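The values are calculated or read from the model by the stated rules, or taken from the named source; none is laboratory data. A quick note: this is a predicted structure, and the numbers were derived from the prediction, not measured. Cβ placement follows ideal geometry from the backbone for every residue including glycine, while neighbour counts extend to all protein chains displayed.
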Amino acid sequence: MDIGPIQMVVVGFDRIDRFKGEIMHELEKLSDSGVIRVLDLLFVMKDETGGIISFTGTDLSPEEEAQYGAVIEQMLGLRSAEGAAGDSTAGSLALTDHDYGLTPEDIQEVAAQIEPGKAAGFLLVEHKWATGFKHAVGDAGGRMVAQGFLTPHALWMVGKELEAMVEAEEAIEMAEAVKGAAMLDALITVAQAEEVKEAAIEEAAEAVVMSEMVKTMAAVEAVQALIVAGMIEDAAAQRAIDALVTAGMIEAAAVSEAEDVVAQATAVAAAALADAEGNGADGKLGNVGEPA
């Protein structure tokens, strides 16, 4: 028999007065649609005196039941070993024990824990929809590592965790964006500060130059005023200028530049005078009308 993955489901009931047949109806719908096949179903209920009331169900044919049926009931000791199918059932016990991970001792313990006035349902179900999937996984060398049901609460918790992760990622992205914008603003501010600093340095340098020029002009005008007033002689002007340089009132470089200008002016004047004298001599030799 080619079967799909087998799962054991155990459901507990805290009261026994609300059964209306709805559970069996839903199982029949799933079975009729070919989604699952109920290999064995056992419902166990303890009355107030501790007596066990049970019923079973299966989707297996009599031939199939001879191999796989009544597995749970035999595990619970509610059916004698003679009523089981011998070696075939033993084989299916090994198969189901491997697939759903519960030993006969585990199921015995679950049944023993049912309190009076409560009930439990044991369902051994084949997932027919996954038969092809099971073979494909096996052919690829795969094996079942973990499986289980997710309750709505578990899904809600997972959703909240994912939501928190998304919010954290968005917060990190926002922080990175803010950090990047702050860095850009800081760089712009630094660049502007450098521009202001350079402009201030240039303005300060110009102010110093202007101040030196004003100071030099004031010193020169003072010397000229003293000469005009007759306080000092023209010949003493150079000594007065040297004294002002020594006192720091006039920059030596300014005096040097002034001396260069004076030298150039003197040279130009001398050249002009020489030209004038030469022209006068030439005119004297060339006068017409003088007596021989």
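Tabulated data
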read-out: Boolean, Ala182 is at pLDDT 70 or above and of a type in the set (Gly, Ala, Ser); value: no
read-out: Test: Ala168 is modelled with pLDDT of 80 or more, assigned by TED's automatic domain parsing to the domain that holds Thr58 and either part of a helix (DSSP H, G or I) or at positive phi (or both); value: no
read-out: Qualifying residue in the range 83-94 (condition: over 13 Å from Leu123 (Cα atoms), among the aliphatic types (A, V, I, L, M), assigned to a loop (DSSP other than H, G, I, E, B) and modelled with pLDDT under 80); value: yes
read-out: Filter pass, Ile36 being in contact (Cβ under 8 Å) with a residue 24 or more places away in the chain, of a type in the set (A, V, I, L, M, F, W, C) and more than 18 Å from His127 (Cα to Cα); value: no
read-out: Residue selected from the range 14-44 under the condition in a strand (DSSP E or B) and in contact with a Phe, Trp or Tyr (Cβ under 8 Å, 6 or more places away or on another chain), by the criterion farthest from Lys118 (Cα to Cα); value: Ile36
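Table: residues versus (1) touching a residue at least 40 places away in the same chain (Cβ under 8 Å); (2) surrounded by 14 or more Cβ atoms within 10 Å (Cβ to Cβ); (3) under 25 Å from Leu39 (Cα atoms).
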| residue | (1), (2), (3) |
| --- | --- |
| Ala119 | yes, yes, yes |
| Leu123 | yes, yes, yes |
| Glu126 | yes, yes, yes |
| Phe149 | no, no, yes |
| Met157 | no, no, no |
| Glu167 | no, no, no |
| Glu170 | no, no, no |
